[in-house]
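Engineer: Take this structure, written in structure tokens, and hold onto it; I'll ask about it next.
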There are 2 protein chains.
Amino acid sequence: MIKVLIVDDQELFRESLGIILQSSGDIDVTGSVCCVDDALQSIAENKPDVILMDIRMPGKDGVEGTRVIKNKYPEIKVIVLTTFDDDEYVYGALKYGASGYLLKGCSLSELTDAVQIAYGGGAMINPEIASKVISQFSAMANSSNGIYVDERVAKDLNENERKIIMAIARGLSNKEISGTLFLSEGTVRNYISSILMKLNLRDRTQLAIWAVQKGMNHKR
Amino acid sequence: MIKVLIVDDQELFRESLGIILQSSGDIDVTGSVCCVDDALQSIAENKPDVILMDIRMPGKDGVEGTRVIKNKYPEIKVIVLTTFDDDEYVYGALKYGASGYLLKGCSLSELTDAVQIAYGGGAMINPEIASKVISQFSAMANSSNGIYVDERVAKDLNENERKIIMAIARGLSNKEISGTLFLSEGTVRNYISSILMKLNLRDRTQLAIWAVQKGMNHKR
DNA sequence: TAAAAAATATGACAAATGTCATATTTTGGG
DNA sequence: CCCAAAATATGACATTTGTCATATTTTTTA
């Protein structure tokens, strides 16, 4: 029996999904909660093998949830449930080690397949999503490469900082950046210094790596 | 009818696959060739919708093949066939826009599904491979970012050079690399200097960017 | 408008990086 | 064993990078 926890803020969806899965044979739904915090509680109690996690939720969203959970329980597999137009979330969740990505509109058998595949160490990605991943994927900041940046900090970088990061991620030197952005070289250096401080990185190379993985190395 | 071209150097595999697919109903195998060059010929004649391409082939391999074909015929879908331990190739092919990645050991129905999904604009990735993609995927080198390295030169980098590049792509300093690879810091610097020369790049940041985009920033 | 906040700049400095010429050591044929 | 090639090392050097304290300028706002 594979122990499964469902995390979704819509009670109706959550409960009915639970009932269906439960009746599908080799799946044991050990919990069904509405948010990440409740999930942590339930995990501690029941130690599920696989977690089905909605991506859009009030409070911590599924991406954050995946991060928190995989961080604390790396052995638990997380399958992310999403609607078709949730692009922004896709890469984040994969980055944190989600074992799959399923459209909410998938069939029951696809879902149970995904649970079993995830349980076995594989990953299931809906074809529709896979093509997005392939075409748009830029990178995963995978903690195994040592470059980790707090998303919240990354979020409130201002316009200039972003421009400078993009420039670095395209391989420009300080002098070139200075020329491009019409700032003195010293100012550019100061900006970089402060960016590195904020993101807790050591040098422009680490910054470039992070930025490339975030797909920030493209004009437009 | 979906027109399919098979590219694989093993004649037996290629021919039998062709026969099976042909008999599966809505697939029309318009060609079955042993190498990329022959494939280009066949494409010109038959304009297939989907190409099944082996990854290991003498001459141009499947990655190069995907690149060449997608470059000339972006509308043709390429599904890459691989064995389980072909990690090195995976990211390359996806980068060039492959519409799927299948283990050669997959079932016939998985294969026909994949063809249909690819034809419809989706992408099919074997669960086993998907998990690798998720855990190791690093980035797609999109030529629009200005860091270009001659593939032929890149190909004959030796073991140590690769190790150093990987280290740089993970954000390590020269001192750290020296410690990791048991070389003196000076030697590391010399290596880097020569790598930069070979690849025609200016500094470690550009090298890191390139390497990350090639997916070289992961252990093992 | 005056004060406060921000953006931008400067210069000094230490550390890291990249280049080069030149050893020294290791290794694989012959 | 010897030699030549390779891998590795060293030191000197110029440049770039990152940090910091401290201006100067511009913008915002009270």
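Computed from the coordinates by the stated procedures, all read-outs in this text should not be read as laboratory data. The shown structure was predicted, so the numbers you read here are calculated from the model rather than taken from an experiment. In this analysis, Cβ positions are derived from the backbone assuming ideal geometry, glycine residues included, and neighbour counts consider all displayed protein chains.
Engineer: Once both labels are modelled 7 Å past Cα along the beta-carbon direction, what's the B:Asp28-A:Cys106 spacing in nm?
Structural biologist: In this crude label model, B:Asp28 to A:Cys106 measures out at 3.4 nm.
Engineer: Kindly state, to the nearest 0.05, the FRET efficiency for A:Asn160 paired with B:Glu185, given R0 = 41 Å and r defined as their beta-carbon distance.
Structural biologist: The pair A:Asn160/B:Glu185 has a calculated efficiency of 0.75.
Engineer: Just subtract the alpha-carbon distance of A:Gln116 and A:Phe13 from 0.36 nm times their residue separation and send over the number in nm, one decimal.
Structural biologist: 35.0 nm
Engineer: Report the label-to-label distance for A:Asn200 and B:Ser193 in nanometres (one decimal), using points 7 Å from each Cα along the Cα→Cβ vector.
Structural biologist: 3.7
Engineer: Can I ask one more? Any idea what the B:Gly25 label distances to the other copies are, label 7 Å down the Cα→Cβ vector, nm, shortest first?
Structural biologist: Reported distances to equivalent positions: 2.2 nm.
Engineer: Which cross-chain or sequence-distant (5 or more) residues have an amide H under 5 Å from the amide H of B:Asp28, H modelled 1.01 Å from N in plane?
Structural biologist: Correct list: B:Ile2, B:Lys3, B:Val4.
Engineer: Between copies, how close do the B:Asn160 label points come, placed 7 Å along Cα→Cβ, listed in nm from shortest?
Structural biologist: Copy-to-copy label distances at B:Asn160, shortest first: 4.5 nm.
Engineer: Under the Kirkwood approximation for Rh and a Cα-based Rg, what ratio Rg/Rh is obtained for the stretch B:143-213?
Structural biologist: Rg/Rh: 0.95.
Engineer: Shortest first and in nm with one decimal, please list how far the A:Leu181 label point sits from its counterparts in the other copies (point 7 Å along Cα→Cβ).
Structural biologist: Its label point is 3.1 nm from the equivalent points in the other copies.
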